[in-house]
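The values are calculated or read from the model by the stated rules, or taken from the named source; none is laboratory data. Just so it is clear, the structure is predicted and the values come from calculations on it, not from any experiment. Note that we place each Cβ from the backbone using ideal geometry, even for glycine, and neighbour counts take in every protein chain shown. Please note that ligands, DNA and RNA were not included when accessible areas were found on the heavy atoms of the full protein model with its side chains. Shrake-Rupley method; radii C 1.70, N 1.55, O 1.52, S 1.80 Å.
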Amino acid sequence: MSGASGRRDDAVRDERDLVRTLRAAAVQVEGRDLADGVARRRRARRTRKRVRVVLAAAAVVAVVAGTAAVVSRVGDTRRAEPATVLHGWDSIRSAAELWPRAVVKVPAYDSEGWRTQVATSMSATEVLLLAKSKKDRRLEVYDSARGAIRILGSIPEAQDLRHVAVGTQYIAWYTGPLAGGPVNFWIMPRAGGAARRVGEVAQDVESFGISGDTLVWSVREGGGVYRMPVTGGIPQRLAGTDGLQLTYWPWAAGQNRIVNLETGESAEVSLPDGVRSMQCHPEWCVGAQARRAIVQRVDGSERQALPQQLRPIGNVRHGLLGDRYAIFSVLDEPMKRGVPLNIVYDFATGTMAKLGERPFAAGDGSVGYGYSTSPSTTPFWYTAARVQDAKEYIVLNTAAIPR
């Protein structure tokens with residue numbers, strides 16, 4: 001293995017090793033801090049009408065709950081009330097059972113023998129892939145409707161590729177060192193074609209996206225959100241974004257607050273005692289309190305404890321899923337059969353789903369999240385002991401889940 005894709009394979013193996021460690025010593029991770037990512041919600045009755053307009057552009061997401069024994073109605077939304085303990089996994093359906101059109105098997109090798117890796121979704125039927133031979137890299141798309149892979153184009157400087165983003169017109173990515181910058185931004189037509197270098201910035205990029213014909217990103221040191229047209233030019237720092245990190249456009253998160261960079265609206269996250277930070281979507285958040293995962297609305301209302309077997313994933317890029325879901329790791333007996341690798345929860349419907357199943361040898365299965373810095377839209381898993389031994393990936397394409 002070499003270059004960015006090789007490092008990604010190492011990262012996936014590292015995740016598998018981490019899963020094994022967590023399952024063998026689960027108690028050691030119960031107090032782990034969550035990544036600092038926050039979201040917004042209607043804070044009072046007088047703001048509800050205004051916020052509905054904002055939320056129309058960014059669907060509401062929340063976090064995993066427990067068994068759906070009781071369903072309550074908040075407005076027009078049905079939501080499951082979580083139990084505090086899960087007594088068995090058989091009562092929870094798999095993602096493939098719940099959303100059969102959203103779970104697809106993607107070949108780990110294309111027809112030319114190039115190794116593929118899941119990047120993110122492009123649509124309800126398209127999964128963007130990074131493919132590599134011994135020296136070269138390119139972008140490909142798996143079309144689940146046709147059951148085939150098509151080539152989009154080659155990736156220059158592929159050894160240093162970091163993250164990709166999909167827009168309405170372009171696919172964008174950046175290359176550079178793992179930390180410290182500078183980085184080079186690149187684009188390719190969404191339909192495929194030649195890659196074009198947009199420009200270089202001397203910054204340590206943390207999060208990255210594309211909105212129309214504009215690249216947007218935030219930086220690690222001190223935060224701040226920037227933009228630059230795909231035609232190039234001088235990066236522009238967006239006013240009022242000091243200390244903010246881009247979550248997914250137009251949302252940015254700071255110290256327990258959420259900002260909509262298109263409207264300028266912001267909201268503070270109400271943190272309960274003992275919780276230092278939370279991961280949030282525009283309306284719901286997940287955190288940890290007294291060694292238990294909790295879920296609440298952004299303003300602190302409707303706070304509930306989650307089943308003790310579920311743990312928030314600490315990285316905000318990984319713990320949040322799509323635009324209305326969240327994903328949880330699972331802690332159970334190390335050698336117990338039938339334990340899911342991860343759990344996904346959809347707050348719009350109150351549905352909980354299993355991703356994969358732990359093999360007999362603990363740690364031999366793992367869930368990956370792709371190459372996007374936004375909350376993953378395509379968690380995937382495999383059944384081989386090592387990712388390089390997998391013949392295919394099983395992908396949950398959240399864009400294909402019925403609304």
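Being of a type in the set (A, V, I, L, M), modelled with pLDDT under 90 and touching a Lys or Arg at 6+ places or on another chain (Cβ under 6 Å) holds for only one residue in 384, 348, and it is 348. Residues that are open to solvent by 30 Å² or more (accessible area, probe 1.4 Å), at pLDDT below 85, basic (Lys, Arg) and over 17 Å from the mean Cα position of the chain (by Cα) are absent from segment 358-366.
So which residues in segment 385-403 are exposed (fewer than 15 other Cβ atoms within 10 Å of the Cβ) and either in contact (Cβ under 8 Å) with a residue 12 or more places away in the chain or in contact with a strand residue (DSSP E or B) (Cβ under 7 Å, 6 or more places away or on another chain) (or both), if there are any at all? Selection gives 386, 388, 391, 402, 403. Residue 372 - would you say it is at pLDDT 80 or above and in a loop (DSSP other than H, G, I, E, B)? Answer is yes for this residue. Restricting attention to segment 61-73, does a residue exist that is at pLDDT 55 or above and not charged (D, E, K, R)? Checked against the condition, which is being at pLDDT 55 or above and not charged (D, E, K, R), segment 61-73 yields no hits at all. Take residue 300 and decide whether it is touching a Pro at 6+ places or on another chain (Cβ under 8 Å), more than 21 Å from residue 349 (Cβ to Cβ) and surrounded by fewer than 22 Cβ atoms within 10 Å (Cβ to Cβ). Yes. Close Cβ contacts (under 7 Å, 6 or more residues apart or on different chains) running from residues in segment 346-359 that are farther than 12 Å from residue 98 by Cα and without any contact (Cβ under 8 Å) to a residue 60 or more places away in the chain to residues that are part of a strand (DSSP E or B) and not polar (S, T, N, Q) comprise 356/367; 356/381; 356/394. The residues listed here are 282, 334, 312; of these, the one that is open to solvent by 30 Å² or more (accessible area, probe 1.4 Å) and in contact with a helix residue (DSSP H, G or I) (Cβ under 7 Å, 6 or more places away or on another chain) is 334. Those strands (runs of 3 or more DSSP E) of segment 253-306 in which 3 or more residues are among the charged types (D, E, K, R) are absent. Tell me whether segment 185-208 contains one or more residues that are among the polar types (S, T, N, Q) and surrounded by fewer than 17 Cβ atoms within 10 Å (Cβ to Cβ). Checked against the condition, which is being among the polar types (S, T, N, Q) and surrounded by fewer than 17 Cβ atoms within 10 Å (Cβ to Cβ), segment 185-208 yields no hits at all. Note on segment 371-403: residues that are among the small types (Gly, Ala, Ser) and more than 16 Å from residue 102 (Cα to Cα) total 5. Tallying residues that are out of contact with any helix residue (DSSP H, G or I) (no Cβ under 7 Å at 6 or more places or on another chain), within 23 Å of residue 396 (Cβ to Cβ) and either in contact (Cβ under 8 Å) with a residue 40 or more places away in the chain or among the charged types (D, E, K, R) (or both) within segment 126-140 yields 5.
For first residues located in segment 272-294 and at pLDDT below 80, partners that are aliphatic (A, V, I, L, M) and open to solvent by 30 Å² or more (accessible area, probe 1.4 Å) and lie 6+ apart or on another chain with Cβ distances below 7 Å form the pairs 292/305. Look at (1) over 28 Å from residue 170 (Cα atoms); (2) in contact with a Pro (Cβ under 7 Å, 6 or more places away or on another chain); (3) surrounded by fewer than 21 Cβ atoms within 10 Å (Cβ to Cβ) and you find that residue 262 fails only one, number (1). Pairs are defined by a Cβ separation below 7 Å, a sequence spacing of at least 6 or placement on different chains, a first member in segment 93-112 that is closer than 20 Å to residue 368 by Cα, and a second member that is open to solvent by 90 Å² or more (accessible area, probe 1.4 Å) and at pLDDT below 95; the pairs so defined are 108/391. Residues that are in contact (Cβ under 8 Å) with a residue 24 or more places away in the chain and either open to solvent by less than 10 Å² (accessible area, probe 1.4 Å) or among the acidic types (Asp, Glu) (or both) within segment 220-240 comprise 223, 225, 228, 230, listed in sequence order.
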